[in-house]
1. By counting other Cβ atoms within 10 Å of each Cβ, how are Lys94, Lys229 ranked from fewest to most?
2. Where does each of 181-189, 121-129, 158-166 land if you order them by average Cβ count within 10 Å, highest first?
3. Using 0.36 nm per residue of separation minus the Cα-Cα distance, give me the extension gain between Ile244 and Asp212 in nm, one decimal.
4. Of the listed values (1) 78, 45, 40; (2) 55, 49, 39; (3) 110, 71, 38, identify the label whose number matches Cα extents along the principal axes in Å calculated from this model.
5. Starting with the fewest neighbours, write out Met254, Met56, Met151 ranked by other beta-carbon atoms found within 10 Å of each beta-carbon.
6. Relative contact order for the range 63-318: what percent, with Cα pairs under 8 Å and sequence separation of 6 or more?
7. Using a 10 Å cut-off on Cβ atoms, rank the peptides 257-266, 301-310 from the highest mean neighbour count down.
8. Under a Cβ-Cβ cut-off of 14 Å, what is the net charge of the residues other than Asn89 that fall near it, where Lys and Arg count +1 and Asp and Glu count -1?
Amino acid sequence: MTLSAEQDASLEAVKAPPRKTSHRARFARSLRRYWQLYLLLLLPVVWFIVFRYVPMVNAVIAFKNYSPVQGVWGSPWVGFDNFANLFRNPVFPKLLVNTLVLAGYTLLASFPLPIILALALNEVRLRFFKRTVQLVTYAPYFISTVVIVSMTILLLSPRVGLLGRTLSFFGAGQVDLLASADFFRHIYVATDLWTTTGYSAVIYLAALSAVDVSLYEAAKIDGASRLQKIWNVDIPSIMPTASIILILGVGNIMAIGFEKAFLLQNPLNLSTSEIIPTYVYKTGILNANFSLGATIGLFNAVIGLILLLVVNKVSKRISGNGLW
């Protein structure tokens, strides 16, 4: 049985594999269909390029004896001399220890509290009470750091502060906690927990809202108590989110906030409050030693990248969750 020319051509078309579309063609088709979304994305991309990626080029001053008169590319090249001077600085080990201890303390304290708050709020059935607690814990995040520090100083003032008056009332005398190096880290972490716990809990509440309802129904049928339901359903459901947040937190451990530490500093607590960001401000900006400031900033970035890669690898191996 012979086929006609038209049947033969249609049979060949059926047998032929589908033609592959190039990435460029797919992108052009997507751009035509969703050009409004790409237009909205344009401004953030430009912002990242201008304020994040372009300044990376100027990190070369960490390897130069930078002079504002000669400019970034005209300044003389000194290689790794700035790094050698940094590591030989007798102050640097203390700065590194203070930074790591304060950042690690903040991370260990601030990581579990939002999870506990989110789990507790997820069990509340009274909607008004739940929204009120969310508002009270969420609002401090939007208070300026300067205002937070001012409130802290007024609260802890030995003469006019609430805590100082309370201690005096019970006969403890006037205790200036801000003048004690031993209390600086506790004060810093306490204020950080007050301002960030409610905001961070929103992420976990969103993850809990996506939990399959059938899991709760199965736990109820099996006779699980409320604590058993939290332990066996809620916590495993938010573990991927918690892993990502922990990895990002460890990656940013060297980028601890400068403003609060600097504003809470005084000559009496300097032994624990002097961290790398405040030292960079004092030496790099106030003393116009821009090369040293860039050197310390580059050192922080490299340490943060190493920590991010290590923690991501460990998290992938233990829990199977990671950034990539």
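Bear in mind these aren't lab numbers, they're just calculated from the coordinates by the rules spelled out. None of these values were measured; they are calculated from a predicted model. Heads up, the Cβs are rebuilt from the backbone with ideal geometry, glycines too, and the neighbour counts pull from every protein chain shown.
1. Listing Lys94, Lys229 from fewest to most nearby Cβ atoms yields Lys94, Lys229.
2. Going from most to least packed, we get 181-189, 158-166, 121-129.
3. Once the chain is fully extended between Ile244 and Asp212, it gains 9.4 nm.
4. Read-out from the structure maps to (3).
5. Taking fewest neighbouring Cβ atoms as first place, the list is Met56, Met151, Met254.
6. 26
7. Most protected by this proxy first, the peptides run 257-266, 301-310.
8. After counting each charged neighbour, the total is +1.
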